[in-house]
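Enquirer: This is the structure I want to talk about, given as structure tokens.
The values are calculated or read from the model by the stated rules, or taken from the named source; none is laboratory data. Everything numeric in this text was worked out from a predicted model, so none of it was measured. So basically every Cβ, Gly included, is an ideal-geometry build from the backbone, and we count neighbours across all protein chains shown. These accessible areas exclude ligands, DNA and RNA; they are computed on the full protein's heavy atoms, side chains included. Shrake-Rupley method; radii C 1.70, N 1.55, O 1.52, S 1.80 Å.
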Amino acid sequence: MPPPGPAGRKSTTREPIIQESEASEPEATRRDADVTESSRANRGWWDRNADEYQVEHGTFLGDDRFVWGPEGLDEVESELLGPPEELKGRDVLEIGAGAAQCSRWLTAQGARPVALDISHRQLQHALRIGGSFPLVCADAGALPFADGSFDLACSAYGALPFVADPRLVLREVRRVLRPGGRLVFSVTHPIRWAFPDEPGPEGLSVSGSYFDRTPYVEQDDEGRAVYVEHHRTLGDRVRDVVASGFRLVDLVEPEWPAWNTSEWGGWSPLRGNLIPGTAIFVCERD
């Protein structure tokens with residue numbers, strides 16, 4: 001699920017219950033945030049903002065589509081997990097599932113997905129929409145599954161942009177995958193961190209160093225993080241994948257399609273036609 005923050009689903013038939021928003025706006029800054037602080041902050045953020053997120057983006061994401069990012073590339077056309085006919089009977093872990101739209105699509109292909117998210121409120125939206133697959137509320141850095149439980153794992157903007165130690169998550173995913181298993185995950189394209197998070201012309205000029213890995217943090221009046229997003233360069237991401245026991249078999253940078261006229265945070269047709277917004281890593285377990 002694409003992030004709301006600095007670099008960052010068809011409409012549901014049952015309207016979500018809207019929770020009240022926080023009274024004061026958090027302060028945006030760049031500072032260090034460790035594994036514990038990042039996890040706590042983002043669990044709370046998604047619990048508080050899940051309703052608004054599903055209302056705002058539900059139409060684009062659909063109830064049962066598998067969309068890899070704001071460009072609108074979906075699994076039907078990309079087949080990054082493999083041909084749809086080969087998904088039947090496969091055990092699939094969706095990480096950062098949100099309302100589990102991707103898991104619903106996987107179920108329709110005959111796969112056996114498990115939808116995992118750190119946010120209880122996001123999974124309540126998955127329950128609201130419905131589905132016959134398991135929902136698990138857990139941190140991606142400590143997956144509650146036995147070794148070799150899954151054939152495939154996927155994550156559409158889930159978990160990895162928000163964790164302080166991506167290798168911890170990747171090693172956990174490797175652990176629960178069977179030999180030869182495939183992991184596909186999408187994140188904000190790292191180059192976006194050098195530009196303002198603006199969809200218009202003001203978002204086309206470099207405003208910071210691509211090499212500045214200081215996390216983006218929103219914090220409350222007492223300095224406690226309430227949202228954290230972490231930056232890794234493209235090289236960092238590749239090294240994370242390899243160091244965690246995966247082989248990188250493809251890196252997809254979706255181009256902005258002519259049909260997509262929507263804006264989503266800093267994503268837009270203007271920017272999408274000039275610079276990449278999403279990076280999708282296709283990995284296999286060694």
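Enquirer: Going by the conditions given, is R182 part of a loop (DSSP other than H, G, I, E, B), of a type in the set (K, R) and within 19 Å of the chain's Cα centre (by Cα)?
Expert: Spelling it out, it is not the case that R182 is part of a loop (DSSP other than H, G, I, E, B), of a type in the set (K, R) and within 19 Å of the chain's Cα centre (by Cα).
Enquirer: Sticking with this structure for a sec: When the residues of segment 125-137 are narrowed to those that are among the small types (G, A, S) and open to solvent by 20 Å² or more (accessible area, probe 1.4 Å), which ends up farthest from R175 (Cα to Cα)? Spell out how you get there, then give the answer.
Expert: First, pick out the residues of segment 125-137 that are among the small types (G, A, S): 126, 130-132.
So of that shortlist, the ones also open to solvent by 20 Å² or more (accessible area, probe 1.4 Å) come out as 130-132.
On the way: G130: 29, G131: 27, S132: 25 Å.
Looking at residues that are among the small types (G, A, S) and open to solvent by 20 Å² or more (accessible area, probe 1.4 Å), I get G130.
Enquirer: Which one of the conditions (1) in a loop (DSSP other than H, G, I, E, B); (2) out of contact with any helix residue (DSSP H, G or I) (no Cβ under 7 Å at 6 or more places or on another chain); (3) open to solvent by 50 Å² or more (accessible area, probe 1.4 Å); (4) within 26 Å of P276 (Cβ to Cβ) does G72 fail to meet, given that it meets all the rest?
Expert: (3)
Enquirer: Working only within segment 235-270, note down all residues that are assigned to a helix (DSSP H, G or I) and hydrophobic (A, V, I, L, M, F, W, C).
Expert: Residues satisfying the conditions are V238, V241, V242, A243, L270.
Enquirer: Exactly one condition in (1) aliphatic (A, V, I, L, M); (2) closer than 20 Å to C137 by Cα; (3) touching a Cys at 6+ places or on another chain (Cβ under 7 Å) is false for V114; which is it?
Expert: (3)
Enquirer: In segment 205-219, how many residues are open to solvent by 40 Å² or more (accessible area, probe 1.4 Å) and acidic (D, E)?
Expert: So the answer is 1.
Enquirer: Within segment 46-64, can one find any residue that is part of a loop (DSSP other than H, G, I, E, B), open to solvent by less than 10 Å² (accessible area, probe 1.4 Å) and in contact with a Cys (Cβ under 8 Å, 6 or more places away or on another chain)?
Expert: no
Enquirer: In segment 138-174, what residues are in a loop (DSSP other than H, G, I, E, B), within 23 Å of V67 (Cβ to Cβ) and either open to solvent by 30 Å² or more (accessible area, probe 1.4 Å) or of a type in the set (V, I, T) (or both)?
Expert: V163
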